[in-house]
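I have placed the structure first, in the form of structure tokens, so that the comments after it can refer back to it.
The values are calculated or read from the model by the stated rules, or taken from the named source; none is laboratory data. Quick caveat, the model's predicted, so the values are computed rather than measured. Glycine also receives a Cβ, built like all others from the backbone with ideal geometry; neighbour counts cover every protein chain displayed.
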Amino acid sequence: MGPGEAETWYDGVDADCDGESDYDADGDGQDSDLYGGLDCDDAASLVNPGRGESWYDGVDADCDGESDYDADGDGFDSDL
């Protein structure tokens, strides 16, 4: 282990000694939900609980688990 060492994500070891979380592979500041965090897609830095939602693109960008096709929040998907 040491600076410049390759990181093996999710093993609990900071192999590259950068002090960053071993459970945040995409570097967005949110740990993967598979390891106790809230990031629902740890391979995409633009998808995490701190993001705003871009409606109707099919991506749950804010990781809230709600439909991406229900912008008004009425429980019904848009037919657009």
Exercise. Filter segment 7-35 down to the residues that are out of contact with any strand residue (DSSP E or B) (no Cβ under 9 Å at 6 or more places or on another chain) and of a type in the set (A, V, I, L, M, F, W, C), then identify the one that is surrounded by the most Cβ atoms within 10 Å (Cβ to Cβ).
Key: ALA15
Practice problem: Go over the candidates ASP18, ASP41, ASP11 one by one and state the one that is of a type in the set (Asp, Glu) and within 15 Å of the chain's Cα centre (by Cα). | Solution: ASP41
Quiz prompt | Pairs where the first residue, in segment 42-63, is among the polar types (S, T, N, Q) and surrounded by 16 or more Cβ atoms within 10 Å (Cβ to Cβ) and the second is modelled with pLDDT of 90 or more and outside any loop (DSSP other than H, G, I, E, B), C-beta under 9 Å, 6+ apart | solution = ASN48/ASP39
Practice problem: Please work out if ASP16 is charged (D, E, K, R), at pLDDT below 95 and in contact with a Pro (Cβ under 9 Å, 6 or more places away or on another chain). | Solution: yes
